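First comes the structure, then the notes that go with it.
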Amino acid sequence: MHVIHIIRGGVAMSVSTEPAANSPVFTPVYWRQCAARLGAYASQRGKFAVFLYEFVRFGVKQAWACLFGGLMLALLVGTYLWYPSGSWLARYDFLFLAAVLIQLTLLALRMETLDEAKVILLFHVVGTVMEIFKTAVGSWVYPEANWFRIGGVPLFTGFMYAAIGSYIARVWRLMDFRFTHHPPLWLAYVICGAIYINFFSHHYMPDMRWGLFVVLLLSFGRSWIYFRVWQVYRHMPLLLGFFLVAIFIWLAENIGTFTGAWLYPNQMKGWTMVSFAKLGSWFLLMIISYIMVAAVNRPQAYRPPCEKR
């Protein structure tokens, strides 16, 4: 077995350039060793090669974190294009059963941890409760008939919310999140509760979202998230990270409504793009999602290398 010795940041590392004999193809160990060999190769080729490798590695980790959500989105598109009309199993029911099967498969293959599954279950419950209320007041509708539903809400919809929780839990683990100036969890819980209540109460009283945005700015405005793509930590404002994820959720919602999985009132006579105003709603939902995962993972403070002992 060949070993390459790399010096980065004053730290010597040894990286194997050949897979171990007991590491069959397509196992996690095999892929980690492949990544190590590519990293060793990039380190020998200069800064640009290192940047390119880390950029690709970032994309791969993001795609891996989005696995559950990506599969759900693929199911929405696939069933819209090819699911047979008049099938004995309704499209929504197929989506629900497929989502359950995906969840069980990820657990069986240990591609998802039990803690992540618990977060997904919690998201499913929280999302379904909100869906029942929102469909009752006419915020959006699910136009197709099916069997697995509560009121006007097909049960597959809970997995759409769970996909957000799955992404946050997985990317937290994959990129080893650390934080500076993170607000205390008790304050985060209060904010989370206020946002969730406002999703219901704004139908009967003034919408408090602008006040909530101010509270979020005051509470999280100084917070930075540190994430490790490869060997060093990168960082960005935590609120900016929330907003970037909210944009991707908004794009996914446009795909979902285009496939007819659910429709807003203005889309009943023909599809139109989801309003940019929904970005604010998804940003707030992103905050709820993050805080629920934070309750399990407990945010850890970032310590610069010079402060570590």
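Annotations for the structure displayed:
- Among LEU81, LEU67, a tally of other beta-carbon atoms within 10 Å of each Cβ gives an order, fewest to most, of LEU81, LEU67.
- Qualifying lysines (Cα of each under 25 Å from Cα of LYS278; at least 8 residues distant if same chain): LYS134, LYS269
- Note on the stretch 155-199 and the stretch 97-144: Cα centroid distance 15 Å, given to the nearest whole angstrom.
- Reducing the stretch 266-282 and the stretch 207-225 to their Cα centroids gives an inter-centroid distance of 24 Å.
- Mean residue ellipticity (222 nm) of the chain, computed from DSSP H runs ≥ 4 via -39,500 (n - 2.57), nearest 500: -19500 deg cm²/dmol
- Of the DSSP H helices in the chain, those whose Cα atoms cover at least 18 Å axially and whose Kyte score averages -0.5 or more: 28-43, 47-65, 67-82, 91-108, 114-136, 157-174, 185-201, 238-258, 278-297
- Each of GLY86, HIS182, GLN231 was scored by the projection of its Cα onto the charge dipole of the stretch 59-307, and the greatest displacement toward the positive side belongs to GLN231; charges sit on the C-beta of Lys, Arg, Asp and Glu.
- Only Cα pairs under 8 Å and 6+ residues apart enter the sum, and on that basis the relative contact order of the stretch 113-228 stands at 29 percent.
- The chain, dipole about Cα centre (Lys/Arg Cβ +1, Asp/Glu Cβ -1), debye to the nearest 20: 980
- Overall, the anisotropy analysis places the chain in the oblate class: the square-rooted eigenvalues a ≥ b ≥ c of its C-alpha gyration tensor yield a/c not less than 1.5, with a/b not exceeding b/c.
- Extension gain, TRP64 to GLN44: 0.36 nm times the residue separation minus the Cα-Cα distance gives 4.5 nm.
- Long-range HN-HN contacts of PHE179 with modeled amide H, under 5 Å: TYR226, GLN300, ALA301, TYR302
Bear in mind that the values in this text are calculations on the coordinates, not laboratory data. What you are looking at is a predicted structure, and each value in this text was computed from that prediction instead of being measured. Heads up, the Cβs are rebuilt from the backbone with ideal geometry, glycines too, and the neighbour counts pull from every protein chain shown.
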